[in-house]
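Bear in mind that the values in this text are calculations on the coordinates, not laboratory data. The model shown is predicted, which means the values in this text are computed figures rather than measured ones. So basically every Cβ, Gly included, is an ideal-geometry build from the backbone, and we count neighbours across all protein chains shown.
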Amino acid sequence: MVNKIDLQGRRAVVTGAAQGIGFAVASRLADSGASVVLWDRDAGQLADAAAALAPRANVLTVAYEQADAGSVQDAATRTLQDGPIDILVNNAGIAGATMPVADYPLDEWRRIIDIDLNGVFYCCRAVVPGMLARKYGRIVNIASIAGKEGNPNAAAYSAAKAGVIALTKSLGKELATHDIAVNCVTPAAAKTRIFDQMSQQHIDYMLARIPRGRFLMVDEAAAMITWLCSAENSFTTGAVFDLSGGRATY
């Protein structure tokens, strides 16, 4: 049994929505009454996700490339043709290689920053003008506990997620007087397919740092994120919400 959050009449975009936390968020938003637009690069997985949600909500899918500003703008344009965007959940991201800074490939560094930080900026930039025109919006950026503490052998990911936290704070201040809330969450690791990109040593390191003694469940992330997407979140903006199972020290 979960709390019912009223999102009737709202339309939400969730990036990286075909699986993992993104799909869990889209599912919880749909159960709360929102229409959902699933953005992801994998058209096949998008179709499967949409089919799973279709009985419960009005669902639209858009295939796009997170690291391509033009592709993001095109996704926003296609989405807006069918209606406004009230909610944006910036979830899409990758873990990237785990190795020391001294050995880190330059192309891999750029790839992670492009997807995990620049892509979030592109999505906000594409969606915010419509929110400003309607004087309403809710944006939730998925950062990471790594953005607060920095994980060893994951400098690119940690730096990108720290950038997402700073972007959230800046944008939240810019939009504070327009009833547009911009917040982020800082999850500890959730056991999703992103683990496929990590070494077992890195996975073991992350688990050992969580006082709860387990990984985050995607439904737990969706619960917090959905409230942040609601009109009930009427005051807090530019804030960082902990999802680290006790790991965070601030």
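Determine the shape class of the stretch 149-250: with a ≥ b ≥ c the square roots of the Cα gyration tensor eigenvalues, call it rounded for a/c under 1.5, and otherwise prolate if a/b is greater than b/c, oblate otherwise.
Working: a/c = 2.45, a/b = 1.73, b/c = 1.42.
Cα axes put the stretch 149-250 in the prolate bin.
List the aspartates and glutamates whose Cα lies under 16 Å from the Cα of K191, skipping any in the same chain that are fewer than 8 positions away.
Within the straight-line limit of under 16 Å, K191 reaches these aspartates and glutamates: D204, D219, E220.
Among residues other than V59 whose Cβ falls under 15 Å from its Cβ, what is the net charge (Lys/Arg +1, Asp/Glu -1)?
Details: positive: R10, R11, R28, R56, R78; negative: D31, D40, D48, D82.
So the environment of V59 carries a net charge of +1.
Cut-off is 10 Å between beta-carbons; in what order do K148, K191, K161, K4 appear when sorted fewest neighbours first? Write out the running numbers ahead of the final one.
Details: K148 19, K191 14, K161 28, K4 9.
In order of increasing Cβ crowding within 10 Å: K4, K191, K148, K161.
Sort the stretch 79-145 into rounded, prolate or oblate with this rule: let a ≥ b ≥ c be the square roots of the eigenvalues of the Cα gyration tensor; rounded if a/c is under 1.5, and if a/c is not under 1.5, prolate when a/b is larger than b/c, oblate otherwise. Before the final figure, lay out the partial values.
Numbers: a/c = 3.59, a/b = 2.87, b/c = 1.25.
Taking the square roots of the gyration eigenvalues as a ≥ b ≥ c, the stretch 79-145 is prolate.
Please list, in chain and number order, the residues 5+ apart from S244 or on another chain whose amide H is under 5 Å from its amide H, with Hs placed from the backbone.
The list, which skips near neighbours in sequence, is A188.
What shape does the chain take by its C-alpha gyration tensor, where a ≥ b ≥ c are the square roots of the eigenvalues and a/c under 1.5 counts as rounded, a/b above b/c as prolate, and the rest as oblate? Intermediate values should be presented prior to the final figure.
Details: a/c = 1.45, a/b = 1.40, b/c = 1.04.
Rounded, since a/c falls under 1.5.
Counting only other residues whose beta carbon sits under 12 Å from that of W109, what net charge do I get with K and R as +1, D and E as -1? Display every interim value, and only then the final one.
Numbers: positive: R110, R111; negative: D103, D107, E108, D114, D116.
Around W109, the charge tally is -3.
For labels at A176 and D6 in the simple 7 Å Cα→Cβ model, what's the distance in nm?
In this crude spin-label approximation the distance works out to 2.8 nm.
Relative contact order for the stretch 104-233 using alpha-carbon pairs under 8 Å, separation at least 6, rounded to a whole percent?
Values: 140 pairs, mean separation 33.1, N = 130.
After rounding, I find 25 percent.
Counting other beta carbons within 10 Å of each residue's own, what order do T226, T186 fall into, fewest first? Could you put the intermediate results ahead of the total?
Details: T226 26, T186 23.
In order of increasing Cβ crowding within 10 Å: T186, T226.
Counting alpha carbon pairs within less than 8 Å and at least 6 residues apart, what relative contact order, in whole percent, applies to the stretch 113-179?
Values: 52 pairs, mean separation 26.8, N = 67.
Rounded, it is 40 percent for the stretch 113-179.
Counting alpha carbon pairs within less than 8 Å and at least 6 residues apart, what relative contact order, in whole percent, applies to the stretch 11-240?
Numbers: 432 pairs, mean separation 46.5, N = 230.
Normalised by residue count, the contact order of the stretch 11-240 is 20 percent.
If amide hydrogens are placed 1.01 Å from N in the peptide plane, which non-local residues have theirs closer than 5 Å to the one on V182?
HN-HN under 5 Å from V182: I139, G238.
Give me M224, M217 ranked fewest to most by other Cβ atoms within 10 Å of their Cβ, as a rough exposure proxy.
On the way: M224 18, M217 13.
Fewest-to-most ranking of M224, M217: M217, M224.
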